[in-house]
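Please treat every number below as a calculation from the coordinates, not as lab data. For clarity, every value in this text was computed on a predicted model and none was experimentally measured. No Cβ is skipped: glycine too gets one built from the backbone with ideal geometry, and neighbour counts run over all protein chains shown.
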Amino acid sequence: MPMSVSRSRSHITAELTIRYADFSLDANLTLPAQGITVFFGHSGCGKTTCLRAIAGLEKLEQGKVSVAGEMWQCSDSQQFVPTYKRDLGYVFQEPGLFPHLTVEANLQFGAKRIAVNKRHVSFDEVTELLGITSLLNRYPAQLSGGEKQRVAIGRALLTSPKLLLMDEPLSALDQPRKQEFLPYLERLHRELDLPILYVTHSMQELARLADHIVLFDKGSILASGSAHSIMSDPKFDALFGDEIGSVFDTKVVAMHENRMTELDCDGLTIWAVGYIAEQGATYRCRILASDVGLSLEEPKFSTVLNRFRATIIDIQTTLAEDGQALVVLELENQQRLLSKITLKSLYELNLTQGLEVWALVKSVALS
């Protein structure tokens, strides 16, 4: 049974001014108190400093922090709730488990911080959700890096927080362990009704997890908005680079022969290779702009299975010195799709704003 932690649907607000000798942060954020908000940007851009300030671990020169209608900090009124009294869970880059305690004892350490009548999650629900039931009698030294982080998340959840903060929890894992770990974060996202602020500089994590995105650059906020709008905005091409693209939230319709999965995205059928999830499950897929071709007519004999009617709504030629252009498309379901093509193709096909085209995406290119 899905675990539900019902919270107020009010916002998380953070107005932060922090000054150091070699760095400053100015942020004014209003974030949804649900889903996963990802703080994204290059190393040293201020995303972890912002997260720590929300937790009360950084001193504000000026500003305030409010979560679900509860004021945690306000410089004007000199109000400050210390970190240990804030209803939050914090997962750091390193798990920080107690080496002399078993997994069960590490988890219970989090639960014991909260009075019984204030606990919103149960021990069994957390261990099942994170797949750590079989690890309870082990010690941290007997766990893999991914297992340690799952235990660290479980310990944070058992404090029954109003807000969960995660600071690059996968940064210490190699790529195979990251692939193993991501499904647990996605399950956490689906089944736990709890706002999460998640720091990363990984495009893969951003694309897989984010509902809302905050882009940081040199201590300032470049943008804050839904994952769909931010990731398909051509003006962030310089930040996302070769990994710029669009995300689609889909539902698995059916698995077909030849190991193909049929997905539905608001009436749009998308074909993906492999049996990627159970029928009826939700699945987020990412389509890189470099994997989207364009045609003036629908190809009648082609190996490309995903062929979408689309209208060109914008063309960015800021990549002209590289011989490329970024084309913004609107599909029939009103979702945006980016296509990165050569200037040669742009001019030879006479592609212009308002033109109807066919967008072509190989099934094997979906991620």
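Sequence gap at least 6, Cα distance under 8 Å: using those rules, report the relative contact order of the stretch 1-151 to the nearest whole percent. Show your work: numbers first, answer last.
Values: 179 pairs, mean separation 30.2, N = 151.
So the answer I get is 20 percent.
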Most mobile of R119, R336, R155 in a GNM of the chain (Cα contacts under 10 Å): R119
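For the chain, what is the mean residue ellipticity at 222 nm derived from helices alone (per DSSP H run of n ≥ 4: -39500 (n - 2.57); sum divided by total residues; nearest 500 deg cm²/dmol)?
Values: 9 runs with 77 residues, N = 367.
That comes out to -6000 deg cm²/dmol.
Can you pick out the pairs among K300/K344; K118/K251; K59/K85 whose Cα atoms lie more than 27 Å from each other?
On the way: K300/K344 24 Å; K118/K251 35 Å; K59/K85 16 Å.
Exceeds cut-off: K118/K251.
May I ask you to derive the FRET efficiency for Q204 and S363 from their Cβ-Cβ distance with R0 = 22 Å, giving the value to the nearest 0.05? Could the numbers behind the result be given before it?
Working: r = 19 Å, r/R0 = 0.87.
FRET efficiency, Q204 to S363: 0.70.
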Cut-off 11 Å between beta-carbons: net charge of the residues surrounding V247, Lys and Arg +1, Asp and Glu -1: +2
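Would you mind working out the magnitude of the charge dipole of the chain relative to its Cα centre, with +1 at each Lys and Arg C-beta and -1 at each Asp and Glu C-beta, to the nearest 20 Debye? Numbers along the way, then the final one.
Details: 36 positive and 44 negative charges, 243 e Å.
For this selection, approximately 1160 debye.
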Between helix 175-191 and the chain: long-axis angle, C-alpha atoms, 0 to 90°, nearest 10: 80
Mean Cβ count within 10 Å, highest first, over the residues of peptides 207-215, 15-23, 186-194: 207-215, 186-194, 15-23
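How charged is the neighbourhood of R155? Take every other residue with its Cβ under 12 Å from the Cβ of R155, and add Lys/Arg as +1 and Asp/Glu as -1.
Values: positive: K112, R113, K148, R150; negative: E104.
Residues near R155 contribute +3 overall.
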0 to 90° range, to nearest 10: angle between helix 145-157 axis and the chain longest Cα axis: 60
Two-site FRET efficiency, D314 against F80, from Cβ-Cβ distance with R₀ of 56 Å, rounded to 0.05: 0.75
Correct choice for semi-axes √(5λ) of the Cα gyration tensor in Å that was computed from the model, options (i) 100, 25, 18; (ii) 45, 24, 18; (iii) 39, 26, 17: (iii)
Charge dipole of the chain about the Cα centre (unit charges at C-beta), most positive-ward option of F240, L194, L263: L194
Surrounding net charge for K362, when Lys and Arg each add one and Asp and Glu each subtract one, Cβ distance under 11 Å: 0
